[in-house]
Amino acid sequence: MIPYGHQDISDDDIEAVTRVLRSDWLTQGPAIEQFEQAVARHCGVKHAVAVSNATAALHIACLAAGLGEGDQLWTSPNTFVASANCGLYCGATVDFVDIDPRTYNLSVESLTAKLAATQNLPKVLVPVHFSGQSCDMQAIGALRARYGFTVIEDASHAIGGSYRGKPVGNCEFSDMAVLSFHPVKIITTGEGGMILTNRDDLHEKLLRLRSHGITRDPKLMPTPPEGPWVYAQIDLGFNYRITDLQAALGTNQMKRLKEFVNRRHELASRYDEKLANLPLTRPWQNPDCRSALHLYVIQVSERAQVFRDLRESGVGVNVHYIPVHTQPYYQHLGFRSGMFPESEKYYSKAISLPMYSGLSENDQNKVIAALEKACSRYSIEFQATDD
Ligand SMILES: *Cc1c(COP(=O)(O)O)cnc(C)c1O
C-alpha cells in the first residue's frame, strides 16, 4: 500500500540519535535547546518551547493564554480534534467558525460576522493552517487587535511554509504558533511538538507548564530559597517534556526542511498537471502563501466509491477531516450536523492523496492511474469549481 504520508529518515538522522544515546543526557539535556533554536531561527521567532506532542503544546498554550472555565475557544471545524480539545482540557467552551470553500481554512468573513453577532467573545482563537497553507493572518491579526482575543496558530501542517514572504511561525499576527512533529508531518521527532512565541511572559510560563509548574529561579519564589537545592512549584504543570533523542532527530531533520517542502511542491505540480482533465477539484494555492503541502486534497463526487477503489488498488488515501463538531463527543456537547455547512460539504467530497517527500514518481503515477480509472468507472460529472 502506498501510504498517504510517511517519514523521511536518513542515515545521518540515525547517527544524530545514536550520538545522544551514547551521551550523558537522554532528557533535559542540551539537544532540546539546540532543536528549539534551530526551529526559532528558521521561523524568525524569538522563543521556542519543545514538548512531547502538538496536543500537549496546544494545551499549555491555552493555559498560558489564561484560558479557563467560562471562557470560549473558537477554531475551525476542519481540523484534527486536538485543535478543539485543548479548550475543553482547560474547562473552556469550544465553538467553531465555518471554513472558506476555496482554502478550506477558517473563513475570515464568517469570523468577522460571528464576532459582530456574539455576546460571548472568544478568549482564544485557534486558526489552523490546513494542509500547510497559512490562514489570512493579517486579517485575523486586525480582528485580534479590535476584539482583544489571544491567537494561537495551529501550524501543525505548516512548518516550512510562508505567508506574505515570511516563514509561518514568526507570530507576526499572533501570540503563539504550535507545530507537530508526528511522522506524517513535514519533519518528525517520532512524537513531538513545539510552541513558538515572541512574548517573554508566555515563554516563561510555557517552560514552567512543560515541567510540573516548577521553577528554580529565586526571583519567582514567594520566599527566598533556603539553599541552592530548592525548586518551587508555582503553577499546576505537567510532564510534557520531549527527550533529547527526539530533539536530536528534529534538529537533523531541520537541515532538510527546505528539501522536503520543495519535493512536496514538485509532487503537487505533477498532480496538478496530470489531474487537470479529471472531474475533480484540485487544491487552490493562495498567491499570498507558499504552502508546506502537508496534504494534497482533492474534491470528488462519489467520494465513498472512489475512496474504496483507490484503497483496493493499493493507494492508501485518507480523509482530512471529519468536521470536529460532528464527532460523537461534540454532539453530546450540543453540536449538530448542519451547523457549519461549508466544512460538511467540503468533507463529503474530500480525499487526501499520497503526499510525502519519499513518494517516487513511479508510485505517484500509480496513484494517478488508479484515480483515472475510478473516475471513469463512476462517470463522475465534471464538477470542478472556477478558481
Ligand atoms: C497532527 C495535528 C495535531 C496534533 O499533533 P500531535 O503532535 O499528534 O499531538 C494537532 N492539530 C493538527 C491540525 C494536526 O494535524
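The values are calculated or read from the model by the stated rules, or taken from the named source; none is laboratory data. This one's a predicted model, so the numbers in the text were calculated from it and none came from an experiment. Here the Cβ is made from the backbone with ideal geometry for all residues, glycine too, and neighbour counts use every protein chain on show.
Overview of values
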item: Residues that are among the basic types (Lys, Arg) and over 26 Å from Gln305 (Cβ atoms), drawn from segment 325-369; result: Arg336
item: Filter result (more than 24 Å from Leu67 (Cβ to Cβ) and not β-branched (Val, Ile, Thr)) within segment 170-225; result: Pro183, Lys185, Gly190, Arg216, Asp217, Pro218, Lys219, Met221, Pro222, Pro224, Pro225
item: Flag if Asp8 is surrounded by fewer than 14 Cβ atoms within 10 Å (Cβ to Cβ), modelled with pLDDT of 95 or more and more than 29 Å from Asn198 (Cα to Cα); result: no
item: Any pair with Cβ under 9 angstrom, 6 or more apart, that starts in segment 226-243 at a residue that is over 26 Å from Ala31 (Cβ atoms) and ends at one that is surrounded by 17 or more Cβ atoms within 10 Å (Cβ to Cβ); result: Ala232/Thr215; Ile234/Arg208; Ile234/Thr215; Leu236/Leu63; Leu236/Leu209
item: Any pair with Cβ under 8 angstrom, 6 or more apart, that starts in segment 283-309 at a residue that is on the phi > 0 side of the Ramachandran plot and ends at one that is in a loop (DSSP other than H, G, I, E, B) and modelled with pLDDT under 95; result: Glu302/Tyr378; Glu302/Ile380
item: Index of the failed condition, Leu88 passing every other in (1) more than 16 Å from the ligand (Cβ to nearest atom); (2) free of Cβ contacts under 8 Å to residues at least 12 places away in the same chain; result: (1)
item: Any hit, segment 161-178, residues being within 11 Å of the ligand (Cβ to nearest atom), within 14 Å of the chain's Cα centre (by Cα) and buried (at least 23 other Cβ atoms within 10 Å of the Cβ); result: yes
item: Residue that is nearest to the ligand (Cβ to nearest atom), among those in segment 19-66 that are under 18 Å from Ala292 (Cβ atoms) and not in a helix (DSSP H, G or I); result: Ala48
item: Sole residue being crowded, with 24+ Cβ neighbours inside 10 Å and either closer than 28 Å to Leu115 by Cα or modelled with pLDDT under 95 (or both), chosen from Met137, Met194; result: Met137
item: Segment 308-359, residues that are under 12 Å from Ile2 (Cα atoms) and either among the β-branched types (Val, Ile, Thr) or under 19 Å from the mean Cα position of the chain (by Cα) (or both); result: Val315, Val317, Asn318, Leu353, Pro354, Met355, Tyr356
item: Flag for Arg311 being surrounded by fewer than 19 Cβ atoms within 10 Å (Cβ to Cβ) and within 25 Å of His157 (Cβ to Cβ); result: yes
item: Criterion (within 16 Å of the ligand (Cβ to nearest atom), among the aromatic types (Phe, Trp, Tyr) and out of contact with any Cys (no Cβ under 9 Å at 6 or more places or on another chain)) met by exactly one of Phe149, Phe130; result: Phe130
item: Matching residues in segment 314-345 - criterion: being in a helix (DSSP H, G or I) and of a type outside the set (A, V, I, L, M, F, W, C); result: His325, Thr326, Pro328, Tyr329, Tyr330, Gln331, His332, Pro341, Glu342, Ser343, Glu344, Lys345
item: Breaking point among (1) out of contact with any Gly (no Cβ under 6 Å at 6 or more places or on another chain); (2) crowded, with 24+ Cβ neighbours inside 10 Å; (3) β-branched (Val, Ile, Thr), for Thr188; result: (2)
item: Check on Ala31, surrounded by 24 or more Cβ atoms within 10 Å (Cβ to Cβ) and either farther than 20 Å from Tyr147 by Cα or touching a Leu at 6+ places or on another chain (Cβ under 6 Å) (or both); result: yes
